[in-house]
Amino acid sequence: MLEGIQQNGLSRKVLAEDSTTVEENMRDFPSATFAIGLAALAVLLIGPHPAAAQSQRPSDKEAIEDLMLCYGRGTDAIGNSTTNADPLHAGEAIYAGCFTKDAVFRVWFPGTPFTSLAFPDPTIDPPDDAITGSDNWAVFVNGVFRSAGYTFTQHILTNMVVSVHGSGGTLVALLNASHVIQASHVVTCIRVANGTYSLEVVKTSDGWRIKSLDLTLIDFVPFFGCV
């Protein structure tokens, strides 16, 4: 019996201590909630931890690959005379974010000899055209597309290989591009081009930019129609 009384006393003591702990926790709960709220507000106002922000930034390799895609978007904007009222201006605006101001463009059309698919030597086999400045290149591309009557183009850029060396780098990509002539919602011609793009890139105060672009075309053939 004495043992039972002692156990009851111990139980009551434990319950009392537990009750005190619960009351203390309840008293602390508003303070803890307030502290969590302040921390969340600080993240919203100040931003994430620098390490987290850094992890969200594209790597140099990703940024350079984006330049190739930027070029593709600009070229297809020029190629799209169907929904773009001013395709040249649309392409120029996109190109402005891809290239340095003095970027150099060289193109070897099918049948023109070149020393290499990637980064051919222009001193040995001169290109068909060499142009300086992205606006001038946009005018050249627009002239080719409009004179051929293209109403849509779609440039698919794959197999990108990037090399980074400090503030410089290179990219090589394969091209498959469709060039469409459409009249009254009917496609009358599709020509397909295949080739290789070779880019030299540089890191500027505005981020990575293309400083030279070489295009070597291995074919440009009728796929449908194109009498």
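Brief remarks on what is shown
- Close amide H partners of residue 218, meaning residues 5 or more places away or on another chain with modelled amide H under 5 Å apart, are 194, 195, 196.
- The dipole here belongs to region 108-227: it is taken about the Cα centre, uses +1 on the Cβ of Lys and Arg and -1 on the Cβ of Asp and Glu, and is about 320 debye.
- Two-site label geometry, residue 140 and residue 211: point separation in nm, points 7 Å out along Cα→Cβ: 1.9
- At q = 0.18 Å⁻¹, base-10 log of I(q)/I(0) for region 144-221 (Debye sum, equal scatterers on each alpha carbon): -0.80
- Segment residue 204..residue 130, full-extension length gain: 24.3 nm, with 0.36 nm per residue of separation and the alpha-carbon distance subtracted.
- Full extension of the segment from residue 66 to residue 182, taken as 0.36 nm per residue of separation minus the current Cα-Cα distance, would add 38.8 nm.
- Sites residue 73 and residue 115 - FRET efficiency at Förster radius 30 Å, r taken between beta-carbons, to 0.05: 0.50
- Taking label positions 7 Å along the Cα-Cβ direction at both residue 86 and residue 59, the computed distance is 4.0 nm, reported to one decimal.
- Mean shadow area of region 60-225, taken as a quarter of the surface of its Cα convex hull (nm²): 9.5
- R0 of 41 Å, Cβ-Cβ distance residue 221-residue 123: FRET efficiency to nearest 0.05: 0.90
Rule-based calculations on the coordinates, nothing more; no lab input. Quick caveat: nothing in here was measured; it's all calculated off a predicted structure. In this analysis, Cβ positions are derived from the backbone assuming ideal geometry, glycine residues included, and neighbour counts consider all displayed protein chains.
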